[in-house]
1. Sort out the exposed loop trypsin sites (Lys or Arg not before Pro) in the chain (DSSP loop, at most 14 other Cβ within 10 Å) and tell me the longest stretch that has none.
2. Taking K and R as +1 and D and E as -1, what net charge do the other residues with C-beta under 13 Å from the C-beta of HIS208 add up to?
3. Cβ under 13 Å from VAL145's Cβ, VAL145 left aside: what net charge do those residues give with Lys, Arg +1 and Asp, Glu -1?
4. From the residues ALA126, SER101, MET148, which one has its Cα farthest along the dipole of the stretch 51-173 in the positive direction, the dipole being from +1 and -1 charges on Cβ of Lys/Arg and Asp/Glu about the Cα centre?
5. For the chain, what does -39500 (n - 2.57) per DSSP helix run (n ≥ 4), summed and divided by total residues, give at 222 nm, in deg cm²/dmol to the nearest 500?
6. Working from the alpha-carbon coordinates of the stretch 169-218, get Rg over Rh, Rh being the Kirkwood radius.
7. Take the alpha-carbon centre of the stretch 61-100, take the same for the stretch 167-223, and report the distance between them in whole Å.
8. Could you size up the charge dipole of the chain around its Cα centre, putting +1 on the beta carbon of Lys and Arg and -1 on that of Asp and Glu, and report it in debye to the nearest 20?
Amino acid sequence: MCDLGGLRPRLLGRAYQKILESRSSFFREQLNAWLATIRVRAERVVDAGGGANPVKGKVRSWDVEEYVILDNALERQKIQAHIVADLNQALRPADNPRIASRVGMFDVAFCLEVMEYIWNPVVALANLNLLLRDNAHLYVSFPFVYPMHNPRGHDYLRYTQEGVDRLLYETGFQVEDIFVRRIKNEKLLADAYAADRMHGRHDQTVGHTGYCVTATKMHGCAL
């Protein structure tokens with residue numbers, strides 16, 4: 001038998017860390033639950049940032065003719081991107097034939113767990129607008145309360161619900177539905193705010209940790 005008490009504390013710490021890393025966070029579980037409600041039936045789908053964690057296989061149903069990954073080249077990905085681009089920089093069809101052939105061609109776009117890494121969100125969402133046809137759907141997630149995380153130097157922004165609404169409107173999208181991610185222990189978070197005498201709105205937003213949004217590209221809105 002293995003005597004756990006005989007293991008050095010450092011080794012126990014490593015083992016426990018692996019156990020923690022193997023479990024999905026409640027934050028992630030809520031995203032997966034939201035995705036499991038989505039039916040995708042489209043000719044073309046673009047998955048922005050999907051190289052590391054592709055959305056295919058996570059939704060309720062999938063009937064898609066062409067699935068395109070758009071991602072940057074910062075890290076090694078599970079799936080090689082079909083389009084390599086930085087969403088922070090305006091896509092310029094005139095300078096990139098691969099982009100030019102995709103303007104207004106997609107029926108659905110996903111942009112999941114990406115927006116915290118975006119330092120230029122208006123440009124990023126305008127880029128997605130450029131790729132979508134009129135009345136196409138955008139599924140996008142925004143974090144609100146979440147600790148800074150890896151990769152270092154690339155975790156930039158958090159978003160309020162009002163900020164989400166305004167950003168999408170200004171970039172040519174109509175919000176159809178917002179799924180609110182909430183902290184599991186709302187009282188714990190509320191108590192932490194109160195202990196520092198932070199003045200919240202004293203409503204249900206105290207437990208919000210992020211937003212999963214379904215939006216539609218507004219007709220005739222080319223930015």
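1. Working: sites that count: ARG23, ARG60, ARG76, LYS78, ARG152, LYS184, ARG197, ARG201.
Result for the longest clean stretch: 79-151.
2. Details: positive: ARG158, ARG181, ARG182, LYS184, ARG201; negative: GLU162, GLU186, ASP203.
Charge balance in the 13 Å sphere: +2.
3. Once all neighbours under 13 Å are counted, the net charge is +2.
4. Of the listed residues, the answer is MET148.
5. Values: 6 runs with 59 residues, N = 223.
Calculated mean residue ellipticity at 222 nm is -7500 deg cm²/dmol.
6. Values: Rg = 14.6 Å, Rh = 12.7 Å.
Value, to two decimals: 1.15.
7. Result: 27 Å between the Cα centres.
8. On the way: 28 positive and 26 negative charges, 145 e Å.
That gives the chain a dipole magnitude of about 700 debye.
Read-outs throughout are calculated quantities, based only on the coordinates presented, and are distinct from any laboratory measurement. Please read all numbers here as calculations on a predicted model, not as lab measurements. All Cβ positions, glycine included, derive from the backbone under ideal geometry; neighbour counts span all protein chains shown.
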